[in-house]
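Undergrad: If you scroll down you'll find the structure; I have some questions about it.
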Amino acid sequence: MIVEAGRQRIPVRRREAVDLAAVVRRLDLVLLLAVAALVGYGLWAVAGITRFDVPGDPDYYVVRQAMAAALGGVGLVVATIVPPSLYRRHWRTVYVVAIAGMVFVFAFAEAIRGSKRWIELGPIQFQPSEFGKGLFVLAVAGFLVERQHDLGRLRTVATAIALGTAPMLLVFLQPDLGTALVYAAALAAVLFVAGVRWLHLALLGGLAATLVLGILWFLPSAGIEVLKPYQTARLTGFANPDADPSGLTYNVTQSITAVGSGGIDGRGVVEASQTRFDYLPEHATDFVFASFAEQRGFFGAAILLLLYLLVVWRGLRVITVAGDLYGAVVAGGIVFAFLFQVFVNVGMTMGVAPVTGIPLPFVTVGGSSMVANLFAVGILQAIHARGRTGDMLR
């Protein structure tokens, strides 16, 4: 197939090769290196944190995490190559895929600890709600950009909120309060970057506050319990951390102890008793930051947080160089959701945020989280490569 380009006739295959080469040249190398450093640093952290978790196989979890990182790397490359305009044109299909994955969980997933979150396909186990985060942002952003001239109308904003509420509700019913909150944070960021009026944002904030009060106070007072008992216990423990240190707030108490005992340079893998002897529950997942702080101390934790800060900074830069509104909105949703996860996970390990089960990006043991986050980075790279300096690539 041949296309015209001025007076020259250039084969499509050659043009696509040129475009791909241009995409590679326009990658944000700082962001790419920061993410690579985070993945490597996270694997090193997991190797120490899980060394004694599987007797006779100290590398069990780190090998699985490395395999997820390799698969996520493939996803990053694919997401970088795919033009964001493709998602914009087919946002309805993207939205249906996201919803279908969450509905599939209710139909076929096995209940683990009272929750239906994971799908098992032979030896592979994945969590659709993790992949749904990126799809959610791509779809809602597509709707808003398609109606960008009507963003001043309350009806348009209400429709966007309705689109966002459906997957949030499905995730909440799994039940997975933490991931539902990440979806809510991403929705707020998408609406803000898209240019929704401040008045409508204020109304949305008031509605969210009313909903929270209803779930935590009004409905329970009427005898209607919306949250599961363990979710209520987590929130109660956050509000009153000294209420029951050996029961209700045991996890948080042990987490704070682990963080404090790490000191400046950490206790090392062998001497980190909170982690090694399982005094700290879920030390490779929910409280992985506390375990890492115990083993590597303030310096190790500070390096990790600085790497997160570098990724967020470069992500915010992608918003400013995006070639169109859609790219800016998608980048805003991805970056804010990423920042929200880091803030809540680190905060809950030190008692400054309620325990919600939100994973720590690139560190928490879990293949779905690793792959989904690397795919999201690929979307950011695709937006950056086709930004204001790469208009010919769109």
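Undergrad: Taking only the stretch 275-326 into account, find how many residues are farther than 30 Å from Val196 by Cβ and part of a helix (DSSP H, G or I).
TA: Just the residues of the stretch 275-326 that are farther than 30 Å from Val196 by Cβ, to begin with: 275-307.
The next check asks that each one be part of a helix (DSSP H, G or I); those that pass are 275-276, 288-307.
So the count comes out to 22.
Undergrad: Run Leu163 past the list (1) in contact with a Phe, Trp or Tyr (Cβ under 8 Å, 6 or more places away or on another chain); (2) within 27 Å of Ala22 (Cβ to Cβ) and report the number of the one that doesn't hold.
TA: Single failed check for Leu163: (2).
Undergrad: Could you list all residues from the stretch 49-89 that are free of Cβ contacts under 8 Å to residues at least 12 places away in the same chain and in a loop (DSSP other than H, G, I, E, B)?
TA: Matches in the stretch 49-89: Val54, Pro55, Gly56, Asp57, Pro58.
Undergrad: Select, from Val145, Val157, Val171, the only residue that is touching a Lys or Arg at 6+ places or on another chain (Cβ under 9 Å) and over 19 Å from Val96 (Cα atoms).
TA: Values: Val145 fails: over 19 Å from Val96 (Cα atoms); Val171 fails: over 19 Å from Val96 (Cα atoms).
Criteria check complete, one pass: Val157.
Undergrad: I've got another one for you. Every residue in the stretch 327-354 that is in a helix (DSSP H, G or I) and more than 24 Å from Ser129 (Cβ to Cβ), please. Break it down into steps so the answer makes sense when it comes.
TA: In the first step, residues of the stretch 327-354 are kept if they are in a helix (DSSP H, G or I); the result is 327-349.
Matches in the stretch 327-354: Gly327, Ala328.
Undergrad: So Ala70 passes all but one of these: (1) modelled with pLDDT of 95 or more; (2) over 30 Å from Leu325 (Cβ atoms); (3) in contact with a helix residue (DSSP H, G or I) (Cβ under 6 Å, 6 or more places away or on another chain). Which condition number does it fail?
TA: Every condition holds for Ala70 apart from (3).
Undergrad: Any residue at all in the stretch 125-136 that's at pLDDT below 95, in contact with an Asp or Glu (Cβ under 8 Å, 6 or more places away or on another chain) and farther than 18 Å from Asn373 by Cβ?
TA: Within the stretch 125-136, not a single residue is at pLDDT below 95, in contact with an Asp or Glu (Cβ under 8 Å, 6 or more places away or on another chain) and farther than 18 Å from Asn373 by Cβ.
Undergrad: Let me ask another. For the condition modelled with pLDDT under 95 and crowded, with 20+ Cβ neighbours inside 10 Å, what is the one hit in Gly300, Gly262, Gly268? Before the answer, list the steps.
TA: Working: Gly300 fails: modelled with pLDDT under 95; Gly268 fails: crowded, with 20+ Cβ neighbours inside 10 Å.
Matching residue, one of Gly300, Gly262, Gly268: Gly262.
The values are calculated or read from the model by the stated rules, or taken from the named source; none is laboratory data. Every value quoted in this text rests on a predicted model; they were computed, and no experiment measured them. Reconstructed Cβ throughout: ideal geometry from the backbone, glycine too, with neighbour counts over all protein chains shown.
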